[in-house]
Structures are given as structure tokens and as C-alpha cells.
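See structure below.
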Amino acid sequence: MAGPLKRVLMRSANNAMRGADPARWHYGAGFDAARAADQHAALAALVSASGATVEWVEDDEDGLADSVFTHDPSLMTDQGAVILRMGKPLRSPEPDLHARTYAALGIPELGRIEAPGTVEGGDCVWLDRNTLAVGRGVRTNQEGIQQLANLLGRVGVSVFGYDLPLWHGEEACLHLMSVISPLADDCALVFSPLLPAPLWQELRRRGIRLVEGDADEFHASVGLSLNVLAVAPMKAIAVAGFPRTKAAMEAAGCAVETFEADALCIPCEGGPTCLTRPILRG
């Protein structure tokens, strides 16, 4: 999850978020659709500057405001894309957007998660090429994890589920990737107090170096300080405004670029990882 980023799926906020009702989408104070679109464009420019090709999901004004968070509706494997099923009902049309995009790009579809299963990409963390950790919580259920295990087991991938805390409630979004962001194969930014204990033990067993995010910044940002996108080993993009977490990554040897996201990421509870779906890494 931290190899050089070569190809990534994104969807512009310009049309998707235009006219979005903050109450309906559970967006907080500070959300501004026009400024969010500008901030999203700034992130896309950083991703492109890293050397990655951005593949854009169709930019229709379809009212699917959360569709800019392209990490969640699908999962990429070496054998093709898995089309997921969203735990947030408002996002249920989004997986079909990804399926159509992959078909247009010539990327094969490995399979789909079907009702009553739910899996969101933000709950999926690759520990290595053949091992996937999945957070079990309000967005991803046991049926979905079992379907994913059955599907990926056929291509040699083991799937392990880990229970997540409820934290701020059903409407808020605590994904597994809210508490861990890989920075390299052997290094990850974490917030240990909310990390499932068995996963913490597995990371330690594997010798993965754990960089602790600042607790005050984590709580102040509702986890967004920890949501960073690795574009290469020990090179990441993060939300601006969290200097202590940034300093912790830099002290560990990680180069960090930031972008302003006070109208996009902070009120909408989704950072640069959420806003990208990596589909090829080197």
C-alpha cells in the first residue's frame, strides 16, 4: 500500500459536491462546495506531480457528494477489481460508477460483494501481497468480510477481520484506515488507542515500525490527521494543519507534502487516502 503510485482513480468534487446538503451527507461546519472543489484539484495536482496517472470517474452532477471519496466503493487486487457494497445507504450507487469506469479502462472485475454483505475500502489494509486485514464495524459487516474472504481465497489471499470500536457513533465514519496509514512496507502511521489489539500485535510481530500520530490532533480532526496517502515508500501527502503528526512522520524519515482541506476533508470526514483509489503501484 506504499509502493510507488502509478495509477489512481479519482472523481472531481466540482460537480459531485455542487449543491450538496450538509445535513443529509453528515458534513460538518466549514463545508463549502466551491472551495472543496478547489482543494480537491490541489490534491489531484500533488498526486499527478508524484508521477501517478489520474483516471477520472465520470463527472456528472448526479448528487452523489460522497463519490469523491473513491477509496471506498472498490478494492484492487493483482487479478482485477472487487466491486464492494457500501455500508452507508446514501452511497449505494457508487460501486456501479467504479464498475463502469473499470470496464472502460479495460480492468477486469474479479467479483462483487452482494447483499446483505457490506465492505468499504477504507476498512481494508493490505499487510502484504497475500494478506488483507479488514475492519469489522458500522460500515463493513461480517457477511461482507466472509464474502471477501471466499472471493480472495480463490486467488491465494488470506483475509482477517478485526473488530473496530463504535467511537463517535453510527453516523460518524471510523474505518480501519482511520487508525492506520501505511508509509512503507515496514512502517505505518497509527493511533494505537483505537487500533484493534490483535492487529497491533500482528504489526509488531511482522516488525512493522509504528509511528504514533499526535493524540490531540487526532481527536481535534476526528481522525483526519492520520489519513495520509503514501505515493512512494516514506513519501506521503497529508492534510495541512497538523504539525505534530507531520513532525512525527518526518522524524521517522518520511517526506510529507500537505494541502489545505478545511472545506473538504475536515468537515466531510475523508482525507487524501479516502479521496483516491490506487489501482496500480510499482
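The number of residues in region 31-52 being within 12 Å of residue 264 (Cα to Cα) and either modelled with pLDDT under 95 or touching a Lys or Arg at 6+ places or on another chain (Cβ under 7 Å) (or both) comes to 1. Given the condition among the charged types (D, E, K, R), part of a helix (DSSP H, G or I) and either surrounded by fewer than 18 Cβ atoms within 10 Å (Cβ to Cβ) or on the phi > 0 side of the Ramachandran plot (or both), answer yes or no: does some residue in region 210-230 qualify? Yes, region 210-230 contains at least one residue that is among the charged types (D, E, K, R), part of a helix (DSSP H, G or I) and either surrounded by fewer than 18 Cβ atoms within 10 Å (Cβ to Cβ) or on the phi > 0 side of the Ramachandran plot (or both). Say we look at region 61-84 and pick out the residues that are touching a Leu at 6+ places or on another chain (Cβ under 9 Å) and over 17 Å from residue 7 (Cα atoms); which of these is surrounded by the fewest Cβ atoms within 10 Å (Cβ to Cβ)? This residue is 62. Restricting attention to region 182-201, the residues that are in contact (Cβ under 8 Å) with a residue 40 or more places away in the chain and under 16 Å from residue 273 (Cα atoms) total 4.
Among what's in region 232-246 and is farther than 17 Å from residue 188 by Cβ and of a type in the set (Gly, Ala, Ser), pick the residue that is surrounded by the most Cβ atoms within 10 Å (Cβ to Cβ).
Narrowing region 232-246 to residues farther than 17 Å from residue 188 by Cβ: 239-241, 243-244.
Retained after the next criterion (residues that are of a type in the set (Gly, Ala, Ser)): 240-241.
Working: 240: 14, 241: 18.
Here the answer is 241.
Taken over region 55-96, the criterion of being over 17 Å from the mean Cα position of the chain (by Cα) and farther than 23 Å from residue 143 by Cβ is satisfied by 58, 59, 60, 61, 62, 63, 64, 78. All conditions in (1) outside any loop (DSSP other than H, G, I, E, B); (2) closer than 23 Å to residue 7 by Cβ; (3) β-branched (Val, Ile, Thr) hold for residue 273, with the sole exception of (1).
Taking the criterion of being farther than 9 Å from residue 225 by Cβ, touching a helix residue (DSSP H, G or I) at 6+ places or on another chain (Cβ under 9 Å) and part of a helix (DSSP H, G or I), the only residue of region 236-260 that qualifies is 243. Listed conditions (1) touching a strand residue (DSSP E or B) at 6+ places or on another chain (Cβ under 7 Å); (2) in contact (Cβ under 8 Å) with a residue 40 or more places away in the chain; (3) more than 16 Å from residue 8 (Cα to Cα) are all met by residue 139, apart from (1). When residues in region 23-43 are screened for being crowded, with 19+ Cβ neighbours inside 10 Å and touching a strand residue (DSSP E or B) at 6+ places or on another chain (Cβ under 6 Å), 1 of them pass. Among the residues in region 126-141, are any at pLDDT 95 or above and assigned to a helix (DSSP H, G or I)? No - not one qualifying residue is present in region 126-141.
Answer yes or no as to whether residue 20 is closer than 12 Å to residue 268 by Cβ and either at pLDDT below 95 or surrounded by fewer than 16 Cβ atoms within 10 Å (Cβ to Cβ) (or both).
On the way: closer than 12 Å to residue 268 by Cβ: yes; either at pLDDT below 95 or surrounded by fewer than 16 Cβ atoms within 10 Å (Cβ to Cβ) (or both): no.
No; evaluated as a whole, the condition is false for this residue.
Is it the case, given these coordinates, that residue 195 is crowded, with 17+ Cβ neighbours inside 10 Å and modelled with pLDDT of 95 or more? In short, yes.
The values are calculated or read from the model by the stated rules, or taken from the named source; none is laboratory data. The structure displayed is predicted, hence computed values, not measured ones. So basically every Cβ, Gly included, is an ideal-geometry build from the backbone, and we count neighbours across all protein chains shown.
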